[in-house]
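Worksheet: the structure to be examined is printed underneath.
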């Protein structure tokens, strides 16, 4: 899996890609769909390199790519990546190798490709694929335990949690890319002690720190994806904020799950970090010996050896006051995807095991990722113990749940000794007042 | 709402449309996307008339339509109806009026349009829109009570049921059109008394008799559809079978709802009966005075006066044995959509009230429609009391749940004194053995 594109010694002729701490060194090469901000240009694919976007349509037109890389670049020049995703990992890998070579110091293509760069500060992004279906999982045992404890202190985890990567279908139409601003939702809430629900603006609005999984090659209806081939079906990962209206959810979710509590907005980061770029940061997966071990369709040598991914995750908050006084965002928590009870591959295998067909451009969410300690939790409902313990912010504000004007920013990156640090950029969304407020 | 197209006295120059009992008299005019069976023709829109399909692309090319009807016909000539749906009811209504006039006895266009007819027995159909999102509701109080009684005999209905049109997001990719055949799903099941789940083919496979709702015009994110404008956002209805794996569902559904229990297949009828065609069969809606009355966003004069639709619904079963011995399908139950606790319009208003954006071509399901008496139930789990009382079939077979080779056929129609009888065609799906069996 590890190849020349992961070599930590590589440097790019795009100088900003060599700056320590950049999210986008030449070892990363994530994809997004972009155009110049505010322009009427066509949306097309780009690759992040330092503080620039390499325009893939323009680069392809220079003849920079050949063979399978050229086929992939042609698909990546479109307004959605569904075609690129459908090609499968061989083509994506060929494009990655060609991009790595063309963007390295001394590359012969440096001259022609320099003209294909657009500064990221001048770019805007959109949802990078036509998402056929969106599924959200619930894969963190720490999150499930923290949440379950609020409702069932003696028995926080459902009996199925350690057997099934629990998932449910989500709403595609309201998925937006970083920068999304949305109105605080209204809905029915049932205050404690009342006998009838109120119709009200949400009073317990929350974020959820998640990772998004972009499906690459699909599977046919009735033909499950075996656990040892899941990697061939994952195009890459992004950051995902599954905004949640906790009070609406508490009243509506029995017996069929969350609905209006989630479907008003979901925000994703524009950059897709490919599974190949993540190869150096994969790590062994196991679970406590006293826990049930996975059924055969969810287990295997690949799962055990490198099923987990050490993807560092952070959630930050920027209140209206912080924006106004220039103090800037502050971090709420930090965890890693490696703590997930279920791996990305297990989610893919489970999703398809009953015959459900996944399609290129489908999006899966991992569910809120919370670490083992409570200050590593990926949502305010956990950090504030269900709203009982307000979280103190460094500027003197505090939060139980989100207020109007709050922006939440998710960040993610991977680092490992002997390899480069690669990042995901940011996933930012902002809460606007409810309509009529 | 009622206009010249609903006149029971209208007859068509397509003689089969005048046959008593036909689903497709000239008062109906439902839309489907079709082509000649087994051909490589382009998929395009058609209208059912008697035992024929009027090819809308061909009819439009004859110049049969003018003004708004021609705009609608141009959109209806495409391989999906998303464009037609987005136009809104004014255009759809203009096309319906033009079709009604052109297909009536004595119409000047009879000569040119006769060449645009394709016999239905030579046609095949496909899913008529690119479905952006699929949502399934749970709107029948009789179904919810029957199901709830199996799990909670003393308290069958959840406290939210009479306040909220409960819904959840479903899977788009596995939706197929009538004729769909699918493998019995496999998954985790937890047999009673066991301490660990099995991985097994589903043992409690069921159908669900539902109505599908096609969204027409959408709404913008954050801008709910008011209850008094819901009709402008519904293009029409179809039949929908929400196949369900009850044993997989029982083990997986807490706390986030059904997932693999539903996402292996959903079958819809190809014909969309427009809301305008259904105008004569709308009827008053109310609920028992002792029940909570709807919150304001779900209530109004329109809901009370004609919120319900008297759409007769039937489920039939055709076993492999019935096919082999020629005895044919037999009816399992019969009910009407008018018994639904929540109306189509209430579902649309609720779906969008938190800001969720509906889009043209979205599909909603009403949830299983069961009537007040147990023999009017819309699923085997109800008819067989959770598998305890097998349902006897007239040929000596019996069923608790579906067996391999069983086909389930849904039928629907409306009739009212002084108006024509209009039908939905059929929605047929067949269970194949699990893979490896």
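Side notes on the structure shown:
- Per the rotation superposing chains A and B, the chain A residue found at the smallest beta carbon distance from the axis is A:257, 1, distance in Å.
- For the range B:4-125, the relative contact order is 30 percent, taking Cα pairs closer than 8 Å that sit 6 or more residues apart in sequence and dividing their mean separation by the residue count.
- GNM result for chain A, Cα springs below 10 Å: residue of A:169, A:339, A:142 fluctuating most strongly: A:169
- Residue exposure proxy: B:322, B:347, ordered by other Cβ atoms within 10 angstrom of their Cβ from fewest to most, comes out as B:322, B:347.
- Under 14 Å from a label point set 7 Å out along the Cα-to-Cβ vector of residue A:327, the amide N atoms of the range A:379-405 belong to A:391-399.
- Normalised contact order of chain A, rounded percent, pairs of Cα under 8 Å and 6 or more residues apart: 20
- Mean-position separation - Cα centroids, the range B:134-165 and the range A:87-124, in angstrom: 55
- Taking other Cβ atoms within 10 Å as a rough exposure proxy, B:55, B:136 sort from fewest to most as B:55, B:136.
- Taking the label point 7 Å along Cα→Cβ, residue B:42 and its counterparts in the other copies are spaced 2.1 nm apart, in ascending order.
- Using a 7 Å projection from Cα along Cα-to-Cβ, the label point at residue B:9 is separated from the same position in the remaining copies by 9.4 nm, smallest value first.
- Over chain B: helical MRE at 222 nm, DSSP H runs n ≥ 4 each giving -39500 (n - 2.57), nearest 500: -5000 deg cm²/dmol
- Degrees between helix A:141-151 axis and first principal axis of chain A (Cα, 0 to 90, nearest 10): 20
- Label geometry 7 Å along the beta-carbon vector: residue B:287 inter-copy distances in nm: 3.9
- Working note: Debye formula, equal point scatterers on the alpha-carbon atoms of chain A, no solvent; log10 I(q)/I(0) at q = 0.07 Å⁻¹ is -0.33.
- The separation of the range A:52-72 from the range B:308-325, counted between C-alpha centres, amounts to 55 Å.
- FRET efficiency, 1/(1 + (r/R0)^6) with R0 60 Å, evaluated for residue B:90 and residue A:388 via beta carbons: 0.65
- Length-normalised contact order for the range B:270-408 - Cα pairs under 8 Å, 6+ apart - percent: 22
- Size descriptors for the protein assembly as shown: radius of gyration and Dmax over Cα atoms are 27.7, 84 Å.
- Among B:262, A:305, A:388, sorting on how many other beta-carbon atoms sit within 10 Å of each Cβ, with the fewest leading, yields A:388, A:305, B:262.
- Within the range B:156-298, the ratio Rg/Rh, alpha carbon atoms throughout and Rh by Kirkwood, equals 1.02.
- P(r) weight above 25 Å for the range A:4-126, C-alpha pairs, percent: 16
- Helix axis angle, B:67-76 relative to chain B longest principal axis, alpha carbon, degrees: 40
- Counting only Cα atoms, the range A:354-437 measures 42, 40, 26 Å along its principal axes, largest extent leading.
- In degrees, nearest ten, helix B:89-103 long axis to first principal axis of chain B (Cα): 60
Read the figures in this text as sums done on the coordinates, not as results from a lab. Everything numeric here is computed off the predicted structure, so don't read it as measured data. For neighbour counting, all protein chains shown are included, and Cβ atoms are generated from backbone atoms with ideal geometry for every residue, glycine included.
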